[in-house]
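Since the structure comes first, as structure tokens, the remarks are kept for the end.
The values are calculated or read from the model by the stated rules, or taken from the named source; none is laboratory data. Model, not experiment: these values are computed from the prediction. Virtual Cβ from ideal backbone geometry, glycine too; neighbours counted across all protein chains shown. For the accessible areas, the whole protein counts, side chains as well, though only heavy atoms, and no ligand, DNA or RNA atoms are used. Shrake-Rupley method; radii C 1.70, N 1.55, O 1.52, S 1.80 Å.
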Protein chains: 4
Amino acid sequence: MGLRVDLNADVGESFGPWRMGDDASILDVVTSANVACGFHAGDPSVMDATVARAAERGVAVGAHPGYLDLRGFGRRVLAVPPDELAADVLYQLGALAAIARARGVRLTHVKPHGALYNQCAVEPTIARAVARAVAGFGDGLALVGLATSACARDAAREHGLVFAGEAFADRRYEGDGTLAARAGKDAVIHDPPAAAAQALRIVRDGRVTARDGSIVTVRAETVCVHGDTPGAAAIAREVRRVLEEAGVAVRALGP
Amino acid sequence: MGLRVDLNADVGESFGPWRMGDDASILDVVTSANVACGFHAGDPSVMDATVARAAERGVAVGAHPGYLDLRGFGRRVLAVPPDELAADVLYQLGALAAIARARGVRLTHVKPHGALYNQCAVEPTIARAVARAVAGFGDGLALVGLATSACARDAAREHGLVFAGEAFADRRYEGDGTLAARAGKDAVIHDPPAAAAQALRIVRDGRVTARDGSIVTVRAETVCVHGDTPGAAAIAREVRRVLEEAGVAVRALGP
Amino acid sequence: MGLRVDLNADVGESFGPWRMGDDASILDVVTSANVACGFHAGDPSVMDATVARAAERGVAVGAHPGYLDLRGFGRRVLAVPPDELAADVLYQLGALAAIARARGVRLTHVKPHGALYNQCAVEPTIARAVARAVAGFGDGLALVGLATSACARDAAREHGLVFAGEAFADRRYEGDGTLAARAGKDAVIHDPPAAAAQALRIVRDGRVTARDGSIVTVRAETVCVHGDTPGAAAIAREVRRVLEEAGVAVRALGP
Amino acid sequence: MGLRVDLNADVGESFGPWRMGDDASILDVVTSANVACGFHAGDPSVMDATVARAAERGVAVGAHPGYLDLRGFGRRVLAVPPDELAADVLYQLGALAAIARARGVRLTHVKPHGALYNQCAVEPTIARAVARAVAGFGDGLALVGLATSACARDAAREHGLVFAGEAFADRRYEGDGTLAARAGKDAVIHDPPAAAAQALRIVRDGRVTARDGSIVTVRAETVCVHGDTPGAAAIAREVRRVLEEAGVAVRALGP
């Protein structure tokens, strides 16, 4: 059986009158869309338009919940107690699910955003609160988390969820498997062939070369490309082209 | 076949550290709870706690969506275009539905809040936007609206929804069937026996005496009692007692 | 004594991670900046950066308060009672004034935003609430309002404020002196020479040709150019060039 | 010269339709009021009403800025970068100052709220960001901070501010001078005579007995009493009575 991977992007991160990212272009390339749910970005109208466009393109739709922090775009850690966090995540999943259902679309997965994503990779109480919410929602949603961390994976297993390990085409890794801090030099890969090469190496070999030159093991079911950086769509297209040329089936998560 | 009516109250209107209403007492009396969904009041934790308590008491749970206006408690008209409004309502329904589902509870109805409720009784474009959202959500939710107005009823019918006309035990009516403005003198009935008598007259005779002494026809499937005024629970108990004593079956909406 | 006019633009309307407008370019052209105060757009960091840049360019800084509605960008009417509105406006003025003061900048004027601006031109209770707030703030701030309406002008006079009538270079007028609705065809002038010609005619002749061909009288102390439309800076530069070429002194409000 | 101390309370923490605390009673007892500024609690109307009442009672008015987190009441740490935090604090100070100025009231001090207060006692970058904002605002405002920590005191000194060390009448201390965590047993003193005795001991002897029985040195210019707990006003009155009976002058900060 051949290699296979999902290609995902965070979309629907406009808000009110403000635009972000080139969703139309990125949705022509990826197989899964993580749609912001109004806490860190997105609003009901943006969510609706994003789901409609993803459905048109045959792109799988998942929720991209975050901390309640529009001003900080969900990138600032907010010390939310686990029970409140689980309720916040359920709220966001349900809000998107209803908007999707009115468009005839079922959600397939959940990928936490920003600081919440990062916390899920290091704080078991946070990862468990998210997993509990996803399990409470039901409907067989997969939980997406950092492939190189056991934290979210373990929380998913405890709650009987399918876990999809995620790798990044356009972000550099540290030797311990964490992502290089976004603010740092070289944290983001802007060169499409370089991003594509990193994606292919991850999918084919299960490895990536970290910033310090060491080799990190990465078993990923899904590869993230970004839509909010200049040239993002070009990177995404190159990643997909190179993967498919190498015989990798680029398909949404699921059986 | 005997008379029957649902008794409903707006609950879950606390927010963050701030308490509102005596939900515990009111949920011991009513048969349906309209749970605020975070736009005008409520937050995910409050919603979760409210659904849990309603479920314990066997009270039917519905959504109570409002305008996005915490500061004004959804009582200030906000000129939301219909498409945005439909998306806002779907968002709120879905958010509550997910929190309820994680508690094993299915929503039964939707009752708009405050200024949105009032607009639904007079503005067909608003009523239709709400009805469209409820229809898009599916699941057979009933739409609750002012019994003395055709506006929401017509919108519900156009969208194939069950409509439940609502009357008020503790609010006075004007001669044209509208509710007396809350700010006005005598707008609210504080005396439990008076509220109970008005409720019984509505349920048994389909009539109420307006402030100007005229008789207004009111065909209601559900009667609202309030939970956010002092003595609200006492009024609700008296309404229920008097209705049951008169042989009226007090039961949630539905077949 | 020669002709003189102020050239103003709305700036600082980015929010959190979201950019809006080309403030850097527009601040190179105008003499007064209306800085959003966080209710409809802007946040404390954006406000600070905007004030700093305006100060560098020698541009006068004023407040641009709006309704509390980020999602709707302050363009949706919100039925705020006058006393609350006055408090909301004071809040916004003070917030900007403190950020400006820490940069050594004093505010010179107040121009309401969006739906609030429009309401000030037609609703005396709204105009008075705003004028009361500006008067309460003190410091001799001028109130900017639609030149072709008496409503805001009267409210300013009642509260002892300097009023600055505003005309628009890039918006078409109706025969009754109101602005053409933004959604309508031809509401916005995209051609730089046409906008400049309209501005010059207003400043020199006190007149503008409305969409229906009639001539409207416009006595304006300040002319608005927009910064949030494509090509906005090019229009602003052409307006300024044409005005100065015709001998008009383009200078901030004040003695 | 006799002993002297300021008695302060956090007030104006209602929001929109939700009430919190018994401000009217507490403002009859204290000499300084810390008024919430809309980020963690309070809104412009509440701020205005609170300032008006404080002014009537001759109570000094200060700002009580917090993290932007109504839902969490500013009690959850939010990782705001220092420059953004300084802008956020300036925004809140200015907003309150303008509302106060329209009432003829000048601010006298700033006391951070909740998680921000706690961070100021342990994180120099946070304390400095707050101190920088207070210094940028000017007007000689004193910065209030935990008396038993050098962190805020040092930041105030670096920025040329008057620092007022604060002690708590109704909170227990740990042996290291920190406050006992609010969630813990015995963290809050509910008995009026016990709170009054702790206040007097602090003011007269500069000492308090910690939970572990050790003696902690506390040099405080101001003592906090709470207004949001049941019986708060009774505690405040007893604290004031006992202090005055012991000959301590209870007066607002300042020369």
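List of remarks:
- Residues along region B:80-123 losing 30 Å² or more of accessible surface when the other protein chains are present rather than the chain by itself (probe 1.4 Å): B:Glu84, B:Ala87, B:Asp88, B:Leu90, B:Tyr91, B:Ala95, B:Ala98, B:Ile99, B:Arg101, B:Ala102
- Direction-averaged projected area, Cα convex hull, region B:4-43: 2.9 nm², rounded to one decimal.
- Total buried accessible area between D and C, probe 1.4 Å, nearest 100: 1700 Å².
- Across identical copies of the chain, C:Pro124 has label-point separations of 3.5, 6.2, 7.0 nm, listed in ascending order, with the point defined 7 angstrom from Cα along Cα→Cβ.
- With protein chains left intact and a 1.4 Å probe, residues in the protein assembly as shown average 37 Å² of accessible area per residue.
- Among residues of chain A, the one whose beta-carbon sits closest to the A-to-C rotation axis is listed with its distance in Å as A:Trp18, 2.
- Placing a label point 7 Å from Cα along the Cα-to-Cβ direction at C:Glu244 gives distances to the equivalent points in the other copies of 5.4, 6.7, 8.3 nm, listed shortest first.
- Simple point charges give the picture: +1 on the Cβ of Lys and Arg, -1 on the Cβ of Asp and Glu, and for region A:4-250 a dipole about the Cα centre of about 220 debye.
- Order of exposure, largest accessible area first, which applies to A:Met47, A:Met20 with probe 1.4 Å: A:Met20, A:Met47
- Geometric descriptor of the protein assembly as shown, per residue, is 194 Å³ (volume of the convex hull of the Cα atoms).
- Taking chain B as a Gaussian network of alpha-carbon nodes connected by springs under 10 Å, the highest mean-square fluctuation of the residues B:Val59, B:Val80, B:Val242 belongs to B:Val80.
- Placing a pseudo-label 7 Å from each Cα along the Cα-to-Cβ vector at A:Asp28 and D:Asp139 gives an inter-label distance of 5.5 nm.
- Compactness relative to 2.2 N^0.38 Å, alpha carbon Rg of region C:26-81: 1.24
- Amide proton proximity set for B:Leu3, modelled H, under 5 Å, gap of 5+: B:Ala249
- Rounded to whole Hz, the Karplus (6.51, -1.76, 1.60) HN-Hα couplings of region A:218-223, x for glycine and proline: 9, 9, 10, 8, 9, 10
- Residues whose amide H falls under 5 Å from that of B:Arg171, counting only those 5 or more places apart or on a different chain, are B:Ile189, with hydrogens built in the peptide plane.
- Selection from D:Val134, D:Ala194, D:Asn118 lying farthest towards where the dipole of chain D points positive, charges on Cβ: D:Ala194
- In Å², nearest 10: area of B:Asp191 left accessible to a 1.4 Å probe: 80 Å²
- Spread of Cα-to-Cα distances over 10 Å intervals beginning at zero, given as percent, for region C:194-235: 27, 49, 24
- Rounded to the nearest 10 square angstrom, A:Lys111 shows an accessible area of 10 square angstrom against a 1.4 Å probe.
- Antiparallel content of DSSP bridges confined to the protein assembly as shown, in %, to 5: 20 percent
- Dipole of chain C [Lys/Arg +1, Asp/Glu -1 at C-beta], most positive-end residue of C:His226, C:Val248, C:His64: C:Val248
- Using only alpha carbons, region D:38-113 has a radius of gyration to Kirkwood radius ratio (Rg to Rh) of 0.99.
- In the assembly of identical copies, A:Gly58 has its label point, taken 7 Å from Cα in the direction of the beta carbon, separated from the corresponding points by 5.2, 6.2, 8.1 nm (ascending, one decimal).
- The C-alpha atoms of chain A occupy a region whose extents along the principal axes are 41, 38, 37 Å, arranged from largest to smallest.
- Measuring nothing but protein heavy atoms, the accessible surface of chain D at 1.4 Å probe radius is 51 percent carbon and sulfur.
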